[in-house]
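Written out below as structure tokens is the structure these notes cover.
The values are calculated or read from the model by the stated rules, or taken from the named source; none is laboratory data. The structure displayed is predicted, hence computed values, not measured ones. Because the Cβ atoms are built from the backbone with ideal geometry, glycine has one as well, and the counts that use them run over all protein chains shown. These accessible areas exclude ligands, DNA and RNA; they are computed on the full protein's heavy atoms, side chains included. Shrake-Rupley method; radii C 1.70, N 1.55, O 1.52, S 1.80 Å.
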Amino acid sequence: DAMVIQNPRYQVTQFGKPVTLSCSQTLNHNVMYWYQQKSSQAPKLLFHYYDKDFNNEADTPDNFQSRRPNTSFCFLDIRSPGLGDAAMYLCATSSRDRGYHEQFFGPGTRLTVL
Amino acid sequence: AQKITQTQPGMFVQEKEAVTLDCTYDTSDQSYGLFWYKQPSSGEMIFLIYQGSYDEQNATEGRYSLNFQKARKSANLVISASQLGDSAMYFCAMNSNDYKLSFGAGTTVTVRA
């Protein structure tokens, strides 16, 4: 089945230790998104790629970076995680296959910062 | 700017009954899309239903229907015949001239046996 895959599902890191979360898709969608979601809150968009074009949200901290080496893969790098970065990180993809951009989400990576 | 409002932080519903989740939105765009997502405790966001601003009929997907009232800028989700597996957080979201979603704060639904 076509899908959005995130690895790992659970990640534990130490304060200040860089961490990379990965996302892959078999949907061949041209847009990929990274969201941060804290407990009982709505997802917050960090950035997205439209094809190879990177689009950062204005309030995304510099601590968060992203790479998209090809259509299928996208990475979220947190350069120096703080305690406040503990959250669920959701990857999503979309295209206009159905005439509108329906976003398909991966299962998420739950990040713990010790 | 777009804004989505979900005024119900939490709701309880009896199994097999219907439940309506409220969603109002604010946008100056003429063309936009409205979405509902379900998020169980496992964390995955599951797409439920879509309504385009120019769609004349209310969207339906199985037990889910969207009560779209354009003049009132509301897009309420109706879940019929609730099941225990419907217990989750539900988010209303919209996009307009771009593909980015604006989410509401969410409503937690708990289905009681």
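Matching residues to (1) modelled with pLDDT of 95 or more; (2) among the aromatic types (Phe, Trp, Tyr):
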position: B:63; (1), (2): yes, no
position: B:68; (1), (2): yes, yes
position: B:74; (1), (2): yes, no
position: B:82; (1), (2): yes, no
position: B:89; (1), (2): yes, no
position: B:95; (1), (2): no, no
position: B:100; (1), (2): no, no
position: B:104; (1), (2): yes, no
position: B:107; (1), (2): yes, no
What is the number of the single condition among (1) small (Gly, Ala, Ser); (2) closer than 25 Å to residue B:50 by Cα; (3) modelled with pLDDT of 95 or more that residue A:66 does not meet?
(2)
Being open to solvent by less than 70 Å² (accessible area, probe 1.4 Å), free of Cβ contacts under 8 Å to residues at least 12 places away in the same chain and under 24 Å from residue A:31 (Cβ atoms): is that true of residue B:104 here?
no
When region B:35-57 is checked residue by residue, the ones that are polar (S, T, N, Q), assigned to a strand (DSSP E or B) and either away from every other protein chain (no Cβ under 11 Å) or under 16 Å from residue B:25 (Cα atoms) (or both) are B:51
Filtering strands (runs of 3 or more DSSP E) wholly in region B:58-97 for at least 3 residues that are more than 18 Å from residue B:46 (Cβ to Cβ) and away from chain A (no Cβ under 14 Å) gives B:64-69
